[in-house]
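Working notes, structure below.
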Amino acid sequence: MVAPPLPVPTTLSAARPWPGLADGLLGRDPFAREDRDAYEARGGHRDRRPAGDGADRLSRLASSPGLGALLGRGGAAFPALTKIRAVAAGAARAGVPPVVVANGAEGEPLSVKDRYLLRYRPHLVLDGLLSVAEALDAPVAHVYVADRAAQESVASAIAELDLPARGPQLRVFTAQDTYVAGEETAVVRALTTGIARPTDKPPRPFQVGVGGAPTLVLNVETLACIARAGLPGGQDGGSTFLATVSGAGRSPVLYELPTGLPLGALLSEHLGRADSGIDVLVGGFFGGILPAWPDLELSHPGVLRRGGSLGCGSLHLLAPPACPVRTTADVVAYYARHNAGQCGMCMASTSAIAATLAELADPREGVNYAALLPRWAAQLRGRGACAVPDAVAVLLRALLRSHPQVVTRHLASGCDQCRREPGEPRWGHLFVSLPADDEAAADGVPAARARELVPSAGGTR
Amino acid sequence: MRLRVDPVKCQGYLVCTDLAARHFSVDDWGFAQALQIDVAEADVPAVTEAIDECPVRAIRWIEGPATGSAAPRQALPDP
Ligand code: SF4
Ligand code: SF4
C-alpha cells in the first residue's frame, strides 16, 4: 500500500507576536511594510553617526541591552558580539577597512523569517546594519538578498534614508536563490566573484572576506535584534526570536516567540493541543527530527541539550501518520539534489544515504543498516566546504537517538509510509513561502493554496 | 599543526592514505579526510610527501589544536 500524497498548505497565512510581544520584531500590523517615517516614529535611526571614533561606537554598541548574549540567527548560533569584535581586530591587524554584510539569503525551504524582515521591516535591518558598520568604521555595507521582493523593499528603504556621504554606504546584492547561497563563504565569494558557492575553511570571512578584507557577515534577524536593542525602552536584543511554524496539515504561521518558551505552549497555541505522537523537524533542514516534547525549551542551548539544533528557528510539525524515517529520507534527497555540486564527498554521500534511507521502506537482506547509519553520521562531521554534510550527520544522529524503535521496526518489517511511487515528489511539502502582497491583507485569512512548485535551486518565492 | 583535506578539490585518488596512513582515512565513498590530530615531528616527512604528491593539491596545513579523531564541526550555513 502506498500512502496518498496529501495536499499541504505551504503559503504563510499569518504572522503573530506571542501575547505580550506586540512591540517586538513583528509589531501590531505584521503585513504593513514599515517605512522610514513609521520606523523613526518608534525611535529608530537615532543618532546616526554620533560623535566619537569607531572604538567609542563599538563599546557603545557592545553595551546595548542583551547584545553580549545575542546569538546569531542564521543557524550557527555564534555569539554576535564575538564575531563583531573578531572583525574589528582583524581589520586593525590588516590595516584595511572591514566589510559588513547583512545576510538575507534564506536558503532553508522551511523558513521565511529573513525574507519577511527584508520585505516588511527593512529599516529595522538597515538600522542594525548601519550601527554595526559605523562601529567598525566600514565604508561599505552590503545587503545580500535572494528574492526580488526583498531587493525592491531594501532598495526603496535605502532611497528613503538618503544617507550622508561621509558615513557607510549601503548596497544591495541579489544572489542566486539556492540552498547554499547564504552560507558565509558563499556570501563572500558571491560579493567578490558573483558565484554563490562555499569555499573551504579556514580562512573564515572574519579573516579573509570580500575582496580580501576582513568581513562581518550577520544574518538579517541578528541585525534586527541589534537595532531593537538600541530603540527607546532598550529591549533586550535576544529576548525573542522568529519561528516559521509549519506542518501538521496547518497553514504555516510566522511567530515571534520569547526565547526559551516551552514547545508545549507553542503547540497549544498553534494546534489547540499539545498532544503526544507529534515529531518536529527543527532548524530548517538542519537541526534533526525530535519528538515534540512539551518541555523542549525553544532556545539554542535548550534544543542542543536534547540532541538537535534550533538553527534558523523554524519548526516543521510531523503529525501521525508521518514517518520520521521518511522525512529524514526526503530531506537527504533534497540535499542530494541541492548541494552546491562541488565537493565529491558531499555529492557521493548525500545520494547514497538518500537511496539507503528510501530503501528502509523494504530493507534488503544482508545489509547491516544498523551499523551503516551511525558510521555515516560519524564520517560526515566537519567534512564539507559548507555544513551540508554536517546537516546530514545531525539528521542521522537525531533519528537514531530519538527514534530507535521506529528505526528497528523499519529494519524488521519495512514501512508503508516510506513506500512511494516512482517520480512521487519528495520534498515539495517541506516548503513555506511568503504570501503575495495582495494575499497578506488580513491576518488569519488562510491562503491555503497548495503549492505545486518543487523548490528548485533556481526557484524564487 | 593539523591537516585539512579540501573537499572541493579531493577526487579520491588516495595517494595520501598510502603515503601517510596515520593522518588520513577514507570514507565509504572513497574520499579522504585528515584525522584531526597534531602531526608529530617524526611524521612530517611522510605528510609533506602526501601534500606534494596529492594530484589535485587538496591537502594543506591548518593552525589550531587537535580535536581528537573527528573533524571539527563546521559553522552552519549563514551564522
Ligand atoms: S559540502 Fe556539499 S553543499 Fe557544501 S559546498 Fe560542498 S558540495 Fe556544496
Ligand atoms: S591524495 Fe588528494 S585527492 Fe587523493 S584522496 Fe588524498 S586528498 Fe584526496
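Is it true that A:L129 is closer than 22 Å to A:G90 by Cα and hydrophobic (A, V, I, L, M, F, W, C)?
Details: closer than 22 Å to A:G90 by Cα: yes; hydrophobic (A, V, I, L, M, F, W, C): yes.
Yes: the conditions hold for A:L129.
State all residues of region A:372-395 that are out of contact with any Lys or Arg (no Cβ under 7 Å at 6 or more places or on another chain), within 11 Å of chain B (Cβ to nearest Cβ) and not basic (K, R); if no residue qualifies, say none.
To start, the set of residues in region A:372-395 that are out of contact with any Lys or Arg (no Cβ under 7 Å at 6 or more places or on another chain) comprises A:372-376, A:378-380, A:383-388, A:391-392, A:394-395.
Of the ones still in play, those that are also within 11 Å of chain B (Cβ to nearest Cβ) are A:372, A:375-376, A:378-380, A:383-388, A:391, A:394.
If the condition is that a residue be out of contact with any Lys or Arg (no Cβ under 7 Å at 6 or more places or on another chain), within 11 Å of chain B (Cβ to nearest Cβ) and not basic (K, R), then A:L372, A:W376, A:A378, A:Q379, A:L380, A:G384, A:A385, A:C386, A:A387, A:V388, A:A391, A:V394 are the ones that fit.
One line per residue, one yes/no per condition, for (1) within 24 Å of A:G107 (Cα to Cα); (2) free of Cβ contacts under 8 Å to residues at least 12 places away in the same chain:
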| site | (1), (2) |
| --- | --- |
| A:A355 | yes, yes |
| A:A361 | no, no |
| A:G366 | no, yes |
| A:L372 | no, no |
| A:W376 | no, no |
| A:C386 | yes, no |
| A:L395 | yes, no |
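Under 15 Å from A:A391 (Cα atoms), assigned to a helix (DSSP H, G or I), more than 16 Å from ligand 1 (Cβ to nearest atom) and β-branched (V, I, T), is that true of A:T356?
Numbers: under 15 Å from A:A391 (Cα atoms): no; assigned to a helix (DSSP H, G or I): yes; more than 16 Å from ligand 1 (Cβ to nearest atom): yes; β-branched (V, I, T): yes.
No.
Pull out all pairs, ordered by first then second residue, where Cβ-Cβ is under 9 Å, the residues are six or more apart or on different chains, the first lies in region B:32-60 and is in contact (Cβ under 8 Å) with a residue 24 or more places away in the chain, and the second is among the β-branched types (V, I, T) and within 16 Å of ligand 1 (Cβ to nearest atom).
Final answer for the pair search is B:A32/B:V5; B:Q33/B:V5; B:A34/B:V5; B:C54/B:V5; B:A58/B:V5; B:A58/B:V8; B:I59/B:V5; B:R60/B:V5.
Given the structure, is A:A352 under 15 Å from B:Q33 (Cβ atoms), modelled with pLDDT of 95 or more and surrounded by 15 or more Cβ atoms within 10 Å (Cβ to Cβ)? Give the steps one after another, and end with the answer.
Working: under 15 Å from B:Q33 (Cβ atoms): no; modelled with pLDDT of 95 or more: yes; surrounded by 15 or more Cβ atoms within 10 Å (Cβ to Cβ): yes.
No: the conditions fail for A:A352.
Residues of region B:4-36 being at the interface with another protein chain (Cβ under 7 Å from one of its Cβ atoms) and either among the aromatic types (F, W, Y) or in a loop (DSSP other than H, G, I, E, B) (or both), which ones?
Correct list: B:D6, B:P7, B:V8, B:C10, B:Q11, B:G12, B:D27, B:D28, B:W29, B:F31.
Of A:A340, A:A348, which residue is without any contact (Cβ under 8 Å) to a residue 12 or more places away in the chain, within 14 Å of chain B (Cβ to nearest Cβ) and within 11 Å of ligand 1 (Cβ to nearest atom)? Explain how you work it out, then say what you get.
Working: A:A340 fails: without any contact (Cβ under 8 Å) to a residue 12 or more places away in the chain.
A:A348 is the lone residue from the list that is without any contact (Cβ under 8 Å) to a residue 12 or more places away in the chain, within 14 Å of chain B (Cβ to nearest Cβ) and within 11 Å of ligand 1 (Cβ to nearest atom).
Is it the case that B:A71 is closer than 23 Å to A:V188 by Cβ, within 11 Å of chain A (Cβ to nearest Cβ), within 16 Å of ligand 2 (Cβ to nearest atom) and modelled with pLDDT under 95?
Values: closer than 23 Å to A:V188 by Cβ: yes; within 11 Å of chain A (Cβ to nearest Cβ): yes; within 16 Å of ligand 2 (Cβ to nearest atom): yes; modelled with pLDDT under 95: yes.
Considered against the rule, which asks whether it is closer than 23 Å to A:V188 by Cβ, within 11 Å of chain A (Cβ to nearest Cβ), within 16 Å of ligand 2 (Cβ to nearest atom) and modelled with pLDDT under 95, B:A71 comes out as yes.
Residue under question is A:F78, and the condition is that it be without any contact (Cβ under 8 Å) to a residue 24 or more places away in the chain, more than 14 Å from A:A229 (Cβ to Cβ) and within 25 Å of the chain's Cα centre (by Cα); does it hold? Before the answer, list the steps.
Working: without any contact (Cβ under 8 Å) to a residue 24 or more places away in the chain: yes; more than 14 Å from A:A229 (Cβ to Cβ): yes; within 25 Å of the chain's Cα centre (by Cα): yes.
When the stated conditions are applied, A:F78 passes them.
The values are calculated or read from the model by the stated rules, or taken from the named source; none is laboratory data. Owing to the predicted nature of the structure, the values given are computational and were not obtained by experimental measurement. Backbone-built Cβ (ideal geometry, glycine too); neighbour counts: all protein chains shown.
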